Amino acid sequence: MEKKKGGQSIAFDRAPYLIESASVVGKKEGEGPLGKFFDMVEEDNLFGENTWEEAESTMQKEACTLALGKAHVKPEEVRFLFGGDLLRQGVATSAGVESLQIPLFGLFGACSTSGEALALASMCVAAGYGEYMLAVTSSHFGSAEKEFRFPLGYANQRPLSAQWTVTGSGAFLVGTRKSHVRISGVTIGKIVDYGLKDSQNMGACMAPAAADTILCNMEDFGRKPEDYSRIITGDLGYVGQTILFDLMRKKGLDIMNSHMDCGMAIFDQQTQDTHAGGSGCGCAATTLASYILPKISKGEWKRVLFVPTGALMSTVSYNEGASVPGIAHGIVIEHC
């Protein structure tokens, strides 16, 4: 059963369980602070393929296969797959999961897609639409730069506010089988647009949406920041985190002591030259799968608010001078 909470949230009476997860990343991510936690680190960022796009599809396939294998679940046992990426028409996802032959919902929420996928998978399990659901997202530095900025061969200079798109894919098996981790509720975000137009400063574009979703979650569930072991945003980076703290303080909430950002955690800013931090669909997803979920499973963190954030732009919109709105989805994950 599920229960509406406030204006944007759902609480699950019989919470769906996060049964297994898997993370697949590239060389740079493997050299970062979380390197030892990932399931698979590939030294070749092409993953044996001919193009960046094919490499991203391979990452998704590997992540899904690993997650299913760890859970001893066959693809044909999965009712629906929710997946997405940053590329046009979701080509990395459609090509990556094709061989699994699981009924597919292709999603786009930019870097918030892991939250969108987990929310929909949880809602379907809670509603009784299937015993298992699979959620997967990915991003690749090479494919993202080619699509949204400049081909890597241009060697263009990056501003200090820019973030480094994570090469990685995270997959999650959500279902009725009991585990030590459950999704107890979700807060679905709204589009928030402060009129910012700088696509090289996505942290600033996404921070207002993160603040809006966190505030809504607190209101809908009647909670305070202290009720969460961690409040974890997806990829605001160093610039976006500062803005988030300011926005939250204006609303009378201080989350500094409990906040973590995946974009800040996945790279070493001092040694890896990633400027404002990491970003991309794979940033929050791989950090959740490799680092956050094990801490919840072991009981080190009792309840976490996971808030992946997305900058909703296209290759056309920002070239035509449109603003870059943001969106963020909140997933309440608990130890049980």
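On the stretch given as region 249-275, residues that are within 24 Å of K302 (Cβ to Cβ), among the charged types (D, E, K, R) and free of Cβ contacts under 8 Å to residues at least 12 places away in the same chain total 0.
Taken over region 95-112, the residue count meeting the criterion of being in contact (Cβ under 8 Å) with a residue 40 or more places away in the chain, touching a strand residue (DSSP E or B) at 6+ places or on another chain (Cβ under 9 Å) and within 18 Å of T58 (Cα to Cα) is 1.
So, Q89, is that one touching a Pro at 6+ places or on another chain (Cβ under 9 Å), on the phi > 0 side of the Ramachandran plot and not aromatic (F, W, Y) or not?
On the way: touching a Pro at 6+ places or on another chain (Cβ under 9 Å): no; on the phi > 0 side of the Ramachandran plot: yes; not aromatic (F, W, Y): yes.
No: the conditions fail for Q89.
Restrict the check to region 36-48 and report whether at least one residue is in contact with a Gly (Cβ under 8 Å, 6 or more places away or on another chain) and under 19 Å from S114 (Cβ atoms). Within region 36-48, one or more residues are in contact with a Gly (Cβ under 8 Å, 6 or more places away or on another chain) and under 19 Å from S114 (Cβ atoms).
Scanning region 183-204 for residues that are more than 17 Å from the chain's Cα centre (by Cα) and outside any loop (DSSP other than H, G, I, E, B) yields S184, V192, A204.
One line per residue, one yes/no per condition, for (1) among the basic types (K, R); (2) within 18 Å of A285 (Cβ to Cβ):
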site: A15; (1), (2): no, no
site: G26; (1), (2): no, yes
site: D39; (1), (2): no, yes
site: T58; (1), (2): no, yes
site: C64; (1), (2): no, yes
site: V73; (1), (2): no, no
site: R79; (1), (2): yes, no
site: V97; (1), (2): no, yes
site: I102; (1), (2): no, yes
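Restrict the check to region 50-60 and report whether at least one residue is at pLDDT 95 or above, closer than 25 Å to K27 by Cβ and either of a type in the set (K, R) or touching a Pro at 6+ places or on another chain (Cβ under 9 Å) (or both). No - not one qualifying residue is present in region 50-60. Here L134 clears all of (1) out of contact with any Phe, Trp or Tyr (no Cβ under 8 Å at 6 or more places or on another chain); (2) surrounded by 24 or more Cβ atoms within 10 Å (Cβ to Cβ) except the condition numbered (1).
Counting only residues that are surrounded by fewer than 19 Cβ atoms within 10 Å (Cβ to Cβ), of a type in the set (A, V, I, L, M) and at pLDDT below 90, region 184-202 holds 1 of them. Just give me the residues in region 283-301 being surrounded by fewer than 17 Cβ atoms within 10 Å (Cβ to Cβ) and farther than 15 Å from S179 by Cβ, in sequence order. Residue satisfying the conditions is E300 alone.
If a residue has to be among the small types (G, A, S) and over 16 Å from the mean Cα position of the chain (by Cα) to count, how many in region 260-292 make the cut? Step through it out loud before you land on a result.
Initial filter on region 260-292 (among the small types (G, A, S)): 263, 265, 276-280, 282, 284-285, 289-290.
With over 16 Å from the mean Cα position of the chain (by Cα) added as a condition, the list becomes 276.
Qualifying residue count, region 260-292: 1.
Going residue by residue through region 205-223, is there one that turns out to be in contact (Cβ under 8 Å) with a residue 60 or more places away in the chain, part of a loop (DSSP other than H, G, I, E, B), in contact with a Ser or Thr (Cβ under 6 Å, 6 or more places away or on another chain) and among the hydrophobic types (A, V, I, L, M, F, W, C)? The answer is no; no qualifying residue exists.
Annotation: of all residues in region 314-336 being touching a strand residue (DSSP E or B) at 6+ places or on another chain (Cβ under 6 Å) and among the aliphatic types (A, V, I, L, M), the one that is nearest to P225 (Cα to Cα) is V332.
The values are calculated or read from the model by the stated rules, or taken from the named source; none is laboratory data. These figures come from a predicted structure and were not determined experimentally. Positions of Cβ are generated from backbone atoms using ideal geometry, with glycine treated the same way; all protein chains shown enter the neighbour counts.
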